[in-house]
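Visitor: Okay, here's the structure, questions in a sec.
Bear in mind that the values in this text are calculations on the coordinates, not laboratory data. Treat the numbers as computed from the prediction; the structure is a model and nothing was measured. Neighbour counts are summed over all protein chains in view; Cβ atoms, including those assigned to glycine, are modelled from backbone coordinates with ideal geometry.
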Amino acid sequence: MTRLTNCILNKDHSCVPIWFMRQAGRYLPEFREIRSRNKDFIKLCLNSNLSSEITLQPLKRFNLDAAIIFSDILMVPFALGQDVKFIKDSGPVLSLFNLENFIDNNKNKFFKKLSPVYEAIKTTRRNLNKEKSLISFIGAPWTLIVYMFELKKNKNQIDENKLIKLESEIKITLDIIIKYLCDHIYNQTQAGSDVVQIFDSWAGLIPNQKLFDYCYEPNKKIVDFCKENKIPVICFPKGINQKYLEFANIVKPDCLSLDYEIDPTWAKKNLSEYCLQGGPDPKILFKNEDEIFQEVDKYLNIFKGHPYIFNFGHGLLPDTKPEVLKKITERVNNFK
């Protein structure tokens, strides 16, 4: 058992494991060099050797407790037949969703399209220190639906009229995609990952009256699957604020990842049964060193004596300086 899995499953608080969301990627010069030669992001994710190399890059620089496989949550819609393109400065764009084509998928076709991801995990596990965890991940069903059905009006709002109009189609899709997501989790763990994180990045955009249908219930089905298969699972329902408590009581994951809008003191008091992860705003990394360490120490001290994994409340931003992360990693590793 690694320090990370011991913290998640056994609620061990004798140390603070550390890893970063989006630690494999865009802020590292060695990644940018690979990316400059590989313009097609999906093809890069499907290049097993390069994906593994990118996954391991941060661990060559920092003493982290886990690698997270270099991939993307949209690999699942891609494997289920939607074209996915990443447009610079505007994000991912998916081809028009077709329910008939979507229903026509099968497990063999899905596995074949994603087999390079599983190969990358196998390669990474072989080259990763046994004491380190290897995290795989999925996008939560709702977050994938947002992309698959183009439900966003803007960064902070979904098109509620479109959501109502497409409700029956979305519900059919949700039921099917949950099964494929469970398959993807299983395949990743069979290949060598030992923890899975579920990113519900757009949970905060769900209308309150639909939180159970689109967030709690789909996440619970996947968490139940993970528990049946003894796969440690971290849930990240970003943006739901104090609904984290309701989420935890219904979904019951092994660990909850906090976004930067959650008050850590509130979280420790109200989510006391759970291993907790993350919290600080990654934008803090652009402040001066004293302010950065003050924020890091705040979280370390609040969660002292509680099973806690140091991370940020979202992914690392492209302009993050690697040398700052090195100092933070050392500070967390030396925390008593």
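Visitor: How many percent of DSSP beta bridges within the chain run antiparallel, rounded to 5?
Guide: If I count the DSSP bridges inside the chain, around 20 percent turn out antiparallel.
Visitor: Right, next: Under a Cβ-Cβ cut-off of 12 Å, what is the net charge of the residues other than Leu4 that fall near it, where Lys and Arg count +1 and Asp and Glu count -1?
Guide: Once all neighbours under 12 Å are counted, the net charge is -3.
Visitor: While we're looking at this one, here's another question. With unit charges on the beta carbons (Lys and Arg positive, Asp and Glu negative) and the dipole taken about the Cα centre of the stretch 3-333, which residue among Ala79, Cys182, Phe149 sits farthest to the positive side?
Guide: It is Ala79.
Visitor: Right, another one. For the pair Lys88/Asn333, report the inter-label distance in nm, with labels modelled 7 Å from Cα in the Cβ direction.
Guide: 3.6 nm
Visitor: Here's a follow-up. Of Lys88/Lys132; Lys107/Lys221; Lys109/Lys179; Lys179/Lys227, which pairs sit farther than 22 Å apart, going by alpha carbon to alpha carbon? Present the calculation step by step, with values, prior to reporting the outcome.
Guide: On the way: Lys88/Lys132 33 Å; Lys107/Lys221 19 Å; Lys109/Lys179 14 Å; Lys179/Lys227 15 Å.
Table pairs above 22 Å Cα-Cα are Lys88/Lys132.
Visitor: Give me the extension gain from Leu99 to Asp290: residue separation times 0.36 nm, minus the current Cα-Cα distance, reported in nm with one decimal.
Guide: 63.5 nm
Visitor: Something else: Which of Lys43, Lys283, Lys238 moves the most in a Gaussian network model of the chain with Cα springs under 10 Å?
Guide: Lys43
Visitor: Separate question: Which residues' amide hydrogens lie under 5 Å from the amide hydrogen of Val195, considering only partners 5 or more residues apart or on another chain, with H built in the peptide plane?
Guide: Leu134, Ser136
Visitor: Another question, then. Could you derive backbone 3J(HN,Hα) for the stretch 289-305 from the dihedral phi with the Karplus parameters 6.51, -1.76 and 1.60 (θ = phi - 60°), listing whole Hz in sequence and x where the residue is Gly or Pro?
Guide: 4, 4, 5, 4, 5, 4, 5, 4, 5, 4, 5, 4, 6, 4, 8, 4, x
Visitor: For the chain, what does the helix formula give at 222 nm: sum of -39500 (n - 2.57) over DSSP H segments with n ≥ 4, over the residue count, nearest 500 deg cm²/dmol?
Guide: Theoretical 222 nm ellipticity from helices: -14000 deg cm²/dmol.
Visitor: Still on this model: Taking the Cβ of Thr143 as the center, what net charge do the other residues with Cβ under 10 Å away carry, scoring Lys and Arg +1 and Asp and Glu -1?
Guide: 0
Visitor: For the stretch 197-211, list residues with backbone N below 15 Å from a point placed 7 Å from the Cα of Lys171 toward its Cβ?
Guide: 210-211
Visitor: Of the peptides 157-167, 21-31, 114-124, how do they stack up when ordered by the mean number of other Cβ atoms within 10 Å, highest first?
Guide: 114-124, 21-31, 157-167
Visitor: Using only alpha carbon pairs under 8 Å that are at least six residues apart, calculate the relative contact order of the stretch 1-150 and give it in whole percent.
Guide: Worked out over the stretch 1-150, it gives 31 percent.
Visitor: Each residue of the stretch 99-116 in turn: what ³J(HN,Hα) in whole Hz from Karplus with 6.51, -1.76, 1.60 and θ = phi - 60°, glycine and Pro shown as x?
Guide: Residue by residue, the stretch 99-116 yields 4, 4, 5, 4, 5, 6, 5, 9, 4, 5, 4, 4, 4, 4, 5, 9, 4, x Hz.
Visitor: How far is it, in nm, from the label point at Ser14 to the one at Glu228 when both lie 7 Å from their Cα along the line to the Cβ?
Guide: Taking the two extended label points, one gets 3.5 nm.
Visitor: Oh, and also: Could you calculate the FRET efficiency of Lys122 with Asp263 from 1/(1 + (r/R0)^6), where r is the beta carbon distance between them and R0 is 35 Å, rounded to 0.05?
Guide: 0.30
Visitor: Please compute the modelled spin-label separation between His306 and Lys152, points set 7 Å along Cα→Cβ, answer in nm with one decimal.
Guide: So the two model labels end up 3.0 nm from each other.
Visitor: Note down the net charge around Glu330, summing +1 for each Lys or Arg and -1 for each Asp or Glu among other residues with Cβ under 12 Å from its Cβ.
Guide: Neighbour charge sum, excluding Glu330 itself: +3.
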